[in-house]
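Q: The structure follows.
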Amino acid sequence: LKAAQLEELVSEMPMGLYTPIGDNGIRLSGGQRQRLAIARAFYRQSKLLVLDEATSALDNRTEAEVMDAIEIIGRRCTIVTIAHRLSTIENASKIIVLDMGEIIETGTHDELISNESIYFSLYKNKFEDSKKSIKQQSQTTQLYLPEYEDEQSRSFVVDSWYKKSLWLYLLYPFSLIFSYLTSRRRRKYLKNNKKSFKANVPVIVVGNLTIGGTGKTPLVKYIATELLNKGYKPGIVSRGYGGKFKETLEVTDKTSVKETGDEAQILSKLNLPFFIDKNRVRAVKKLTQNHNCDVIISDDGLQHYQMNRDIEIAVIDGKRRFGNNLTFPAGPLRESSKRIKSVDFVINNSGPTEENEYLMNISPSKFVHLKSGKKYSIDEWPMHNQVHAVAGLGNPGRFFDLLSKLGFDLIRHPYPDHHNFQSSDIFYLDHLPIVMTEKDAAKCRVFDNNKIWYLTIDADVNNKFIDKLDKKLKSFFK
């Protein structure tokens, strides 16, 4: 127990060594279970000990301590260590390098480094594993211009929209009909031929023109926080996409993801009055009836004209923008791109910006271990740098690019936006950590998987935007 760094943990357990730890050690963290397996291997005192990625779930400090113990144990037995984490095998008396099933090099660490061949390149590049590499690449958390490649999604049609495939023009007649119907519907509300509900407090709609995610929810979180800091009493309404609820639901940080859907889980942590309903008018009415809010922020709903709005904010993807500039089904637009001229503010997610657009930067905040809730700053990532990166987003390439900028070596797993994850989706036959978005992780809390981490992000917009939004809101109270 001492050699495996478990002595202190066991001493703190209510029944010591006799404490029940559940089926397959479910009451222990992944790192604790791994150390327990190492302790059992030590206790058996075998003449041959095979360690298959034995320290992959340990943080750097614990790994170093366990490796010191392994070195002591190795004086009385033969140890075969299989690892991609090269710090684990630096002190081995013989290192065998395999490539495509064939032995390429053998020797000690120093001999292989001096050869300047495959092992040398692995050690010096992607597979070198230390905190230092992350710190060097994250001196600033502002990620301005996107450099990511568009990630292949699981929808052939969506990919075609942004690749501007010529075959989509076969659908152009249907897009003309769609554009006519959406424009006519909007005109009816503007001319009061159809009535829309007007709340007794200002309503801000944060939406987009394209089908799929553009970063609306982080922006809603940012706006709500900034307005709260300025003395406002904001409330939030949303459609609750993917949630299984009836009519109107008030959301708190205790409401389950099955009821709310994934994005609402992020906003629930703000502890602000928050209602979801597929009919946003009903949600607005419930909010104003039950809480003393002086401004309402709607997450999405730019096309929900039944709800009258005082301020419209459109969010666009800085790199993909409007794709082929066609409306559905030939393109990704929910309305004509000309609609962008009628909104009050255009927020450009990651740039580059065009005239009258405000730049929004998405900044990484913390790594959170899903099971334990332990949080680590960006510069204190406790695991090794090769990870499974999982993203169910409208544009997963943006998340993968963010992780790459933080120094990670990624195995990419893109999924459709709002993907309903099953445990089998993220069951990987290795010990590598799984890093996903906060909204995806909300749907994985019930899984028996100790390898899942999520990255929290914060939006940041030019201060001039909030100042102008504040000025516009104050005009409603005069």
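Q: Among Leu166, Val284, Gly213, which residue has its Cα furthest toward the positive end of the charge dipole of the chain, with +1 on Lys/Arg Cβ and -1 on Asp/Glu Cβ?
A: Val284
Q: Just in the range 391-478: which chymotrypsin sites (Phe, Trp or Tyr not before Pro) are loop by DSSP and have at most 15 other Cβ atoms within 10 Å?
A: Passing both the DSSP loop test and the Cβ count: Phe427, Tyr428, Phe476, Phe477.
Q: Continuing with this model, one more query. I need the shape label for the range 244-386. Rule: rounded when a/c is under 1.5, else prolate if a/b > b/c, else oblate, with a, b, c from the alpha carbon gyration tensor.
A: Cα axes put the range 244-386 in the oblate bin.
Q: Rolling a 1.4 angstrom probe over the protein chains, ignoring ligands and nucleic acids, what is the accessible area of Val201 in square angstrom, nearest 10?
A: Counting only protein heavy atoms, Val201 exposes about 20 Å² to solvent.
Q: Which of the aspartates and glutamates could a cross-linker span from Lys163 if the Cα-Cα distance has to be under 14 Å and same-chain partners fewer than 8 positions apart are dropped?
A: Cα-Cα hits under 14 Å: Glu149, Asp150, Glu151.
Q: Find the accessible area per residue for the chain; the probe is 1.4 Å, ligands and nucleic acids are left out, and the unit is Å².
A: Accessible area per residue: 52 Å².
Q: Right, another one. Compute, for the range 303-450, the length of the dipole vector about the Cα centre, with Cβ point charges of +1 (Lys, Arg) and -1 (Asp, Glu) only. Units Debye, rounded to 20.
A: 180 debye
Q: Of the heavy-atom accessible surface of the range 217-340 (probe 1.4 angstrom), what whole percent is carbon and sulfur?
A: 47 percent
Q: Right, next: Restricting to the chain, compute how many DSSP beta bridges are antiparallel as a %, nearest 5.
A: 30 percent
Q: Within straight cross-link reach of Lys478, meaning Cα distance under 18 Å, which aspartates and glutamates are found once same-chain residues fewer than 8 apart are removed?
A: Leaving aside aspartates and glutamates fewer than 8 places away in the same chain, those within reach of Lys478 are Asp294, Asp310, Asp467, Asp470.
Q: Right, next: Within the range 1-32, name every residue whose backbone N is under 11 Å away from a label modeled 7 Å from Cα of Ile72 along the Cβ vector.
A: 1-5
Q: Over the Cα atoms of the range 1-120, what radius of gyration and what Dmax do you get, in Å?
A: 16.5, 53
Q: If one computes the Cα centroid of the range 251-312 and of the range 158-214, what distance in Å separates the two points?
A: 21 Å
Q: Hey, another quick one. Placing unit charges on C-beta atoms (Lys and Arg positive, Asp and Glu negative, everything else neutral), compute the dipole magnitude of the chain about its Cα centre in debye, rounded to 20.
A: Around 3120 debye, computed over the chain.
Q: In the range 416-461, carbon and sulfur make up what percent of the accessible area (probe 1.4 Å)?
A: 54 percent
Q: Listed here are the pairs Lys230/Lys471; Lys286/Lys468; Lys198/Lys246; which of them are more than 20 Å apart at the Cα?
A: Violating the 20 Å Cα-Cα cut-off are Lys286/Lys468; Lys198/Lys246.
Q: Another question, if that's okay. May I ask you to list the trypsin sites (Lys or Arg not before Pro) in the range 242-271 that are in a DSSP loop and have at most 15 other Cβ atoms within 10 Å of their Cβ?
A: Those that pass, being in a loop and sparsely packed, are Lys244, Lys246, Lys254, Lys269.
Q: Quick one: length gained pulling Trp167 to Ala37 fully straight, 0.36 nm per residue minus the C-alpha distance?
A: Extra length available between Trp167 and Ala37 comes to 41.1 nm.
Q: Does anyone have the angle between helix 396-405 and the longest principal axis of the chain? Alpha-carbon axes, 0 to 90°, nearest 10?
A: 50 degrees
Q: If you don't mind, another one. Can you spot the aspartates and glutamates whose alpha carbon is less than 18 Å from Lys2's alpha carbon? Ignore those fewer than 8 places along the same chain.
A: By straight Cα distance, Lys2 reaches Glu12, Asp59, Glu63, Glu65, Asp68, Glu71.
Q: Averaged over every viewing direction, what's the projected area of the C-alpha convex hull for the chain? Give it in nm², one decimal, please.
A: 27.7 nm²
Q: Relative to the compact globular guide of 2.2 N^0.38 Å, what is the alpha carbon radius of gyration of the range 396-455, as a ratio?
A: 1.08
Q: With each label point set 7 Å from Cα along the Cα-Cβ vector, what nm distance links Asn325 and Lys258?
A: About 4.8 nm, to one decimal.
Q: Loop-only GluC sites (Glu not before Pro) in the range 185-251, please: DSSP not H, G, I, E or B, and at most 15 other Cβ atoms within 10 Å.
A: Glu247
The values are calculated or read from the model by the stated rules, or taken from the named source; none is laboratory data. Fair warning: this is a prediction, and the values are worked out from it, not measured in the lab. All Cβ positions, glycine included, derive from the backbone under ideal geometry; neighbour counts span all protein chains shown. Calculation scope for accessible area: heavy atoms of the full protein, side chains included, ligands and nucleic acids excluded. Shrake-Rupley method; radii C 1.70, N 1.55, O 1.52, S 1.80 Å.
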